[in-house]
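Report on one structure; see the data block that follows.
The values are calculated or read from the model by the stated rules, or taken from the named source; none is laboratory data. Bear in mind that the values here come from a model prediction, so they are computed numbers and not experimental data. Cβ sites come from the backbone with ideal geometry, for glycine too, and all protein chains shown count toward neighbours. Areas reflect the complete protein model, heavy atoms only, side chains present, ligands, DNA and RNA absent. Shrake-Rupley method; radii C 1.70, N 1.55, O 1.52, S 1.80 Å.
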Amino acid sequence: MTSGAALVFQVRDLSKRFGGLLALDDYRLELEQGAILGLIGPNGAGKTTAFNLLSGVLEPSGGRILLHGQDLTGAGPEAFALAGIGRTFQNSRLFRDLAVWENVAVGLHMRDGPGWLATVLGLASARRGEAAIRAAARDFLALVGLADLADRRAGELAYGLQRKVEIARALATRPLALLLDEPAAGMNPAETEALTVMLRELAHTVRTPEGAPLAMIVVEHDMRLVMSLCTHIQVLNRGELLAEGAPAAIQEDPAVLEAYLGRRRVAAC
């Protein structure tokens with residue numbers, strides 16, 4: 001990635017061991033503002049491990065992670081979130097009994113809450129703050145096309161809509177980079193296409209608190225989504241970075257085809 005934009009992520013020599021298993025080895029990344037990175041590979045390739053390292057869920061066994069120049073190596077997920085990482089999860093993690101807007105408000109409270117003391121005392125500043133958060137939550141829902149469902153209970157929504165609520169909640173943290181873990185999982189082709197269009201629009205419209213384009217990292221098995229959305233792709237295989245480059249180059253890379261299809265089927269192509 002060499003467009004000249006400022007770097008969001010700088011990752012060097014990143015590795016992760018689980019006992020005797022080396023799940024990820026010598027992983028590297030330079031992610032620029034506005035880039036959309038697709039992280040792909042066969043099952044067990046190390047994608048989830050890399051994703052969890054980049055969001056602080058796992059602590060690396062080696063290497064360094066810099067976010068916007070800040071060294072977050074070994075920090076927890078709270079530190080990553082405060083530094084500018086918003087993420088979704090492969091399995092829905094909404095508060096199902098809360099309203100849709102309340103789920104998004106959880107993300108807003110990380111930076112914009114009125115404070116516990118003002119809330120406990122029932123001060124006017126707390127009431128104004130909560131009203132502002134409710135309005136802002138609806139604005140983020142509008143970005144993903146769900147403003148009219150703000151007052152519905154989250155658990156009542158169809159699965160594909162719940163995924164969009166999670167994206168709105170992640171955006172509400174005002175991230176430098178948005179990490180999406182299999183956002184199209186469980187969706188039919190029409191829903192996946194609509195999601196692709198929405199993510200492309202978000203990439204063009206959402207800005208960081210500094211006014212820079214939002215960067216994204218997408219872990220996804222749907223290759224149509226990845227190839228049409230992402231500006232750059234990394235391919236992991238058996239814990240190692242197998243290939244990286246533009247989507248067109250990745251689709252023609254013999255090593256990538258072999259990793260996905262196997263040597264015999266590649267030879268027959």
Using only the alpha-carbon atoms, how far is helix 189-205 inclined from the longest principal axis of the chain? Give it as 0 to 90 degrees, nearest 10.
70 degrees
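If you roll a 1.4 angstrom probe over the protein chains with everything in place, what fraction of the accessible area of the chain belongs to carbon and sulfur, to the nearest %?
That fraction is 52 percent.
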At a probe radius of 1.4 Å, what is the per-residue accessible area of Leu141, in Å² to the nearest 10?
0 Å²
Please report the base-10 log of the normalised intensity I(q)/I(0) for the range 151-244, using a Debye sum with one equal scatterer per alpha carbon and no solvent, at each q in 0.10 (1/Å).
-0.30
Nearest 10, in degrees from 0 to 90: the angle of helix 100-112 to the longest Cα principal axis of the chain is 90 degrees
For the chain, would you read off the P(r) tail past 34 Å as a percentage of all alpha carbon pairs?
21 percent
Dipole axis of the chain (+1 Lys, Arg; -1 Asp, Glu on Cβ), positive-most option in Tyr159, Thr231, Leu72:
Tyr159
Quick one: compute the contact order of the range 1-112, relative version, from alpha carbon pairs under 8 angstrom and 6+ residues apart, as a percent.
24 percent
For Phe89, solvent-accessible area (1.4 Å; no DNA, RNA or ligand), Å²:
50 Å²
So who's got an amide H within less than 5 Å of the one on Ile217, skipping anything under 5 residues away but keeping other chains? H placed 1.01 Å off N, in plane.
Leu37, Leu178, Leu179, Leu180
Over the range 7-90, the quotient of the Cα radius of gyration and 2.2 N^0.38 Å is 1.03
Given a 1.4 angstrom probe, what's the average accessible area per residue across the chain, in square angstrom?
47 Å²
Charge dipole (debye, nearest 20) of the chain; +1 at Cβ of Lys and Arg, -1 at Cβ of Asp and Glu:
360 debye
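Placing unit charges on C-beta atoms (Lys and Arg positive, Asp and Glu negative, everything else neutral), compute the dipole magnitude of the range 145-205 about its Cα centre in debye, rounded to 20.
Working: 7 positive and 9 negative charges, 41 e Å.
Result for the range 145-205 is approximately 200 debye, rounded to the nearest 20.
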With the dipole of the chain defined by +1 on each Lys or Arg Cβ and -1 on each Asp or Glu Cβ, the option from Thr48, Leu98, Phe140 whose Cα lies farthest towards the positive pole is Leu98
What is the set of long-range amide H partners of Ala243 at a cut-off below 5 Å, with H atoms built 1.01 Å from backbone N?
Val235
Relative packing of 79-85, 197-203, 160-166, which averages over residues the other C-beta atoms within 10 Å, highest first
160-166, 79-85, 197-203
Report the accessible area of Leu157, computed with a 1.4 Å probe over the heavy atoms of all protein chains in place, in Å² rounded to the nearest 10.
10 Å²
Residue-by-residue Karplus 3J(HN,Hα) for the range 38-55, coefficients 6.51, -1.76, 1.60, Hz, glycine and proline x
x, 10, 10, x, x, 4, x, 6, x, 4, 5, 4, 4, 4, 6, 5, 6, 10
Over the chain, what is the mean sequence separation of C-alpha contacts under 8 Å (at least six apart), divided by residue count, expressed as relative contact order in percent?
25 percent
